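Novice: Got a structure for you, questions after.
Every read-out reported here was derived from the displayed coordinates using simple, explicitly stated rules and does not represent laboratory data. Computed from a prediction, not measured in an experiment: that's the story for all the values here. Note that we place each Cβ from the backbone using ideal geometry, even for glycine, and neighbour counts take in every protein chain shown.
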Amino acid sequence: RICIKLLQELVTSQTEMLDVGTGSGILALVGAKLGAKKTIATDIDPVALKVASENIKRNRLEGIIEVYEGDLLDGPVDSKFNLVVANIITDAILQIAPQLAKVLEPGGIFVASGIIAERYPEVLECLTKQGLAYIKHVCEEGWVGLVVRSGV
């Protein structure tokens, strides 16, 4: 829910989005429905990718959303994006943080959610150490969504 709210504020017709840990594909679908011109959805779980692909087809968004198996550490993504979103557990966010520079355009936005409120300071510190600048965060029922920007 937090990511969807943040995407509503951030997605434009110029958005090229990467959804890391797509699961059912909901955030990729939201990005496409909000007008993103291109979305790549990745996950390490083949079952999740099958479900995401079915949801993308059901919503007739195959021309906008592409699905790939992998993650930022070993995945097939070799493009740069102006928006990267990850609704994954805190430890996974911390693990991919050093790899964000290879997929974020200068000035690109990273939206992270799935962060337990108690671990938010740890995630923010990790991301700022990677050169990402704080923009905002949202708290809801013990969960945090965070928006940061890569350096220009």
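Novice: Number of Lys-Lys pairs in the chain under 17 Å by Cα, sequence gap 8 or more or different chains?
Specialist: Lysine pair count for the chain: 9.
Novice: A further question follows. Rounded, prolate or oblate, given the Cα gyration tensor of segment 22-84, with a/c below 1.5 counting as rounded?
Specialist: Oblate.
Novice: What list of ³J(HN,Hα) couplings, whole Hz, do you get for segment 40-53 from phi and the Karplus terms 6.51, -1.76, 1.60, once you set θ to phi - 60° and write x for glycine and proline?
Specialist: Couplings: 10, 10, 10, 7, 8, 9, x, 5, 4, 5, 5, 5, 4, 4 Hz.
Novice: Under Stokes-Einstein, with the Kirkwood radius over Cα pairs standing in for Rh, what whole-number D in µm²/s applies to the chain at 37 °C and 0.692 mPa s?
Specialist: So the translational diffusion coefficient is about 218 µm²/s.
Novice: Follow-up question, since we're still on this one. In whole Hz, with x marking every Gly and Pro, tabulate ³J(HN,Hα) for segment 79-84 from phi via Karplus 6.51 cos²θ - 1.76 cosθ + 1.60, θ = phi - 60°.
Specialist: Each residue's phi maps through the Karplus curve to give 9, 10, 10, 8, 8, 10 Hz.
Novice: Then there's this: So what J values fall out for segment 106-115 if you push phi through Karplus, 6.51 cos²θ - 1.76 cosθ + 1.60 with θ = phi - 60°, rounded to Hz, Gly and Pro as x?
Specialist: In residue order, the calculated couplings are x, x, x, 9, 10, 10, 10, 9, x, 8 Hz.
Novice: Just need the relative contact order of the chain here, percent rounded to a whole number, with Cα pairs under 8 Å and 6+ apart.
Specialist: With pairs under 8 Å counted, the relative contact order is 21 percent.
Novice: Across bins of 5 angstrom width beginning at 0, how are the C-alpha pair distances of segment 66-152 distributed, in whole percent?
Specialist: Calculated over all Cα pairs of segment 66-152, the distribution is 3, 15, 28, 26, 16, 9, 2, 0 percent.
Novice: Mind checking Rg over Rh on segment 8-56, alpha carbons, Kirkwood formula for Rh?
Specialist: 0.98
Novice: Then there's this: For Gly63, what charge total do you get from the other residues with a beta carbon under 12 Å from its beta carbon, if Lys and Arg give +1 and Asp and Glu give -1?
Specialist: Around Gly63, the surrounding residues sum to +2.
Novice: So, one more: Once amide H atoms are placed 1.01 Å from N in the peptide plane, what residues at a sequence separation of 5 or more from Val84, or on another chain, have their amide H within under 5 Å of its amide H?
Specialist: Answer set, sorted by chain and number: Leu18, Ile109, Phe110, Val111.
Novice: In whole Å, how far is the Cα centre of segment 98-118 from that of segment 1-24?
Specialist: Taking the Cα centre of each part, segment 98-118 and segment 1-24 sit 12 Å apart.
Novice: Let me ask something additional. With charges set only on the Cβ (+1 for Lys and Arg, -1 for Asp and Glu), what does the dipole of the chain come to about its Cα centre, in debye to the nearest 20?
Specialist: 540 debye
Novice: A follow-up question, please. Could you pull out every residue, at least 5 positions away or on a different chain, whose amide H is within less than 5 Å of the one on Gly131? Hs are placed 1.01 Å off N in the peptide plane, and Pro or chain starts have none.
Specialist: Here the answer is none, since no amide H 5 or more places off falls under 5 Å of that of Gly131.
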